[in-house]
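Novice: Let me give you the structure first, and then I'll get to my questions.
The values are calculated or read from the model by the stated rules, or taken from the named source; none is laboratory data. In this text the structure is predicted, and so the values were computed from the model without any measurement. Every residue, glycine as well, gets a Cβ built from its backbone with ideal geometry; the counts of neighbours run over all protein chains shown.
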Ligand code: JFZ
């Protein structure tokens, strides 16, 4: 933050840390599901057996395939894929049931990615699902099915469109560019209002593709558009990637104030510590492969994150008051991969057992070398320790400051509802600035998963 705040006219519209029920719900989601689905699911990161892995940055970017391996007439081929989009196994209700089983409390669904193809029948474009052989409104099915399962829906929307002739990347200069980009801005506004009208149940938008100079330069337009979207739905939740102030400052305005309701910069990365977050709400969105949000046919040689990897990232996010959002890239027929399905099942088992430690919790201001602490929001005497690193001798030694008002009094395993031995350990370290509590992990606890210990806190005796 600058030492001397400057005047910002097109800064934040909402205050950070909104306290309304919609934002309170957001803070408790804990786990979310991202779904990237679109025409890129058809090639699935390859074409005619040739992999785009080294050419396109990620599977959903395959239209941007570059280098010597690009198939002939590739762009034309890609832009005609919609004529084949006919997902015969697509079942939004099944996706929603499985997302619920996994423990997701919100979903972010791609209505339109950078390629410009709309999964809803937009009045403002011909490049939509209505003109595919499938014809039916996919966004509507997703919104309805997830909402019915009690999962809140957020719509992913890319501003940038690769194949829209009105789109201008740099600041429009010529009369033609100015006219085109002006039409493009109106089109963007129309589509967003259309999504709000068609799907009034949505809780928010997840914006993307807002990095080009043309959009950055349109700060007055985007400021008014955000106001309009919020007027239509005062509970609407928008992340920080929608727009910038008049000084090209994105995500945060020139005074360091968050633009939007939560910080949206944690894409395949995790804040190293809470200080970096400045007390703002945030979510981390994560792929299962190293990169690649859309379907990948051949994942040979790619590291796919395991259930344990996901649990670690999920609880790390929760310990820092964030949400963790796991991405899925269904294939062209609407099927999740075997690995994705296995993850859903295994993660679902874990989130069910350990729900108390994941939802309705907040940061606890101590760190643990064994894993992550989360504290119940409703009961400040219920502390959870997710053990990722199991001590070799089975003794978890918790360090609390000597003057702590609440200290561990008893402990139990969440998975077995089994009480654990807890005793104060007067080991005489740190000149008694800390007190220590030993919890014994039973030797017969045979698990290769992280496990959660519920620790009841009490006033020191
Ligand atoms: C964007 C998209 O380009 C990508 O295809 C995917 O949809 C992802 C969720 O979002 O990729 C980004 C966006 C922002 C950053 C990095 C990749 N960022 O802020 O570092």
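Results for (1) in the same structural domain as residue 233 (by TED's automatic domain parsing); (2) within 16 Å of the ligand (Cβ to nearest atom); (3) part of a helix (DSSP H, G or I), shown as yes or no for each residue.
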{"position": "6", "(1), (2), (3)": "no, no, no"}
{"position": "25", "(1), (2), (3)": "yes, no, yes"}
{"position": "43", "(1), (2), (3)": "yes, yes, no"}
{"position": "56", "(1), (2), (3)": "yes, yes, no"}
{"position": "75", "(1), (2), (3)": "yes, no, yes"}
{"position": "90", "(1), (2), (3)": "yes, no, no"}
{"position": "96", "(1), (2), (3)": "yes, no, yes"}
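Novice: Give me a count of the residues in the stretch 58-72 that are surrounded by 21 or more Cβ atoms within 10 Å (Cβ to Cβ) and in a loop (DSSP other than H, G, I, E, B). Break it down into steps so the answer makes sense when it comes.
Specialist: Here is the first cut: in the stretch 58-72, the ones surrounded by 21 or more Cβ atoms within 10 Å (Cβ to Cβ) are 58-63, 65.
In the following step, the residues that additionally are in a loop (DSSP other than H, G, I, E, B) were identified as 58, 65.
Total meeting the criteria: 2.
Novice: Now, a different point. Output the number of the condition that residue 202 fails; it satisfies all remaining conditions of (1) within 16 Å of the ligand (Cβ to nearest atom); (2) under 25 Å from residue 22 (Cα atoms).
Specialist: (1)
Novice: With respect to residue 283, determine if the residue is in contact with a strand residue (DSSP E or B) (Cβ under 8 Å, 6 or more places away or on another chain), assigned by TED's automatic domain parsing to the domain that holds residue 206 and within 16 Å of the ligand (Cβ to nearest atom).
Specialist: Details: in contact with a strand residue (DSSP E or B) (Cβ under 8 Å, 6 or more places away or on another chain): yes; assigned by TED's automatic domain parsing to the domain that holds residue 206: yes; within 16 Å of the ligand (Cβ to nearest atom): yes.
So residue 283 passes the test.
Novice: Still on this structure: Could you go through the stretch 384-402 and let me know if any residue there is in a helix (DSSP H, G or I) and farther than 19 Å from residue 312 by Cβ. Write out each step before concluding.
Specialist: Taking the stretch 384-402 as the starting set, the residues that turn out to be in a helix (DSSP H, G or I) are none.
Looking for residues that are in a helix (DSSP H, G or I) and farther than 19 Å from residue 312 by Cβ, one finds none in the stretch 384-402, hence no.
Novice: So which of 247, 295, 303 is in a loop (DSSP other than H, G, I, E, B), more than 15 Å from the chain's Cα centre (by Cα) and within 13 Å of the ligand (Cβ to nearest atom)? Working first, answer last.
Specialist: Numbers: 247 fails: within 13 Å of the ligand (Cβ to nearest atom); 303 fails: within 13 Å of the ligand (Cβ to nearest atom).
Sole residue among the options that is in a loop (DSSP other than H, G, I, E, B), more than 15 Å from the chain's Cα centre (by Cα) and within 13 Å of the ligand (Cβ to nearest atom): 295.
Novice: Just name the residue that is farthest from residue 316 (Cα to Cα) out of those in the stretch 416-456 that are surrounded by 15 or more Cβ atoms within 10 Å (Cβ to Cβ) and in contact (Cβ under 8 Å) with a residue 60 or more places away in the chain.
Specialist: In this case the residue turns out to be 456.
Novice: A follow-up question, please. Only one residue in 311, 288 is in contact with a strand residue (DSSP E or B) (Cβ under 9 Å, 6 or more places away or on another chain) and in a helix (DSSP H, G or I), so which one is that? Before the answer, list the steps.
Specialist: Values: 288 fails: in a helix (DSSP H, G or I).
Checking each option against the conditions leaves just 311.
Novice: If you don't mind, there's one more thing I want to ask. When residue 108 is evaluated against the numbered criteria (1) assigned to a loop (DSSP other than H, G, I, E, B); (2) surrounded by 19 or more Cβ atoms within 10 Å (Cβ to Cβ), which criterion, by number, is the only one it fails?
Specialist: For residue 108, the exception is condition (1).
Novice: Restricting to the stretch 185-204, give me the number of residues that are in contact (Cβ under 8 Å) with a residue 24 or more places away in the chain and either part of a helix (DSSP H, G or I) or more than 30 Å from the chain's Cα centre (by Cα) (or both).
Specialist: 12
Novice: Return yes when residue 316 is within 14 Å of residue 98 (Cβ to Cβ) and not in a loop (DSSP other than H, G, I, E, B) and no when it is not. It would help to see each step written out before you state the result.
Specialist: Values: within 14 Å of residue 98 (Cβ to Cβ): no; not in a loop (DSSP other than H, G, I, E, B): yes.
So residue 316 does not fit the description; no.
Novice: Among the residues that make up the stretch 251-264, is at least one of them within 12 Å of the ligand (Cβ to nearest atom), touching a residue at least 60 places away in the same chain (Cβ under 8 Å) and part of a strand (DSSP E or B)? Before you say what the answer is, go through the steps one by one.
Specialist: So the first thing to find is which residues in the stretch 251-264 are within 12 Å of the ligand (Cβ to nearest atom), and the list is 251, 263-264.
Still in the running and touching a residue at least 60 places away in the same chain (Cβ under 8 Å): none.
So far as the stretch 251-264 goes, no, none of its residues is within 12 Å of the ligand (Cβ to nearest atom), touching a residue at least 60 places away in the same chain (Cβ under 8 Å) and part of a strand (DSSP E or B).
Novice: Could you check the stretch 130-148 and list, in sequence order, the residues that are under 19 Å from residue 193 (Cβ atoms) and assigned to a helix (DSSP H, G or I)?
Specialist: Of all residues in the stretch 130-148, those under 19 Å from residue 193 (Cβ atoms) come to 130, 137, 139-140, 143.
Of everything in the stretch 130-148, those that are under 19 Å from residue 193 (Cβ atoms) and assigned to a helix (DSSP H, G or I) turn out to be 130, 139, 140, 143.
Novice: Given the residues 301, 292, 278, which is the only one that is closer than 30 Å to residue 52 by Cβ and surrounded by fewer than 17 Cβ atoms within 10 Å (Cβ to Cβ)?
Specialist: The conditions single out 301.
Novice: Which residue out of 166, 152 is at pLDDT 95 or above, over 28 Å from the mean Cα position of the chain (by Cα) and either crowded, with 19+ Cβ neighbours inside 10 Å or assigned by TED's automatic domain parsing to the domain that holds residue 338 (or both)?
Specialist: Details: 152 fails: over 28 Å from the mean Cα position of the chain (by Cα).
The unique qualifying residue is 166.
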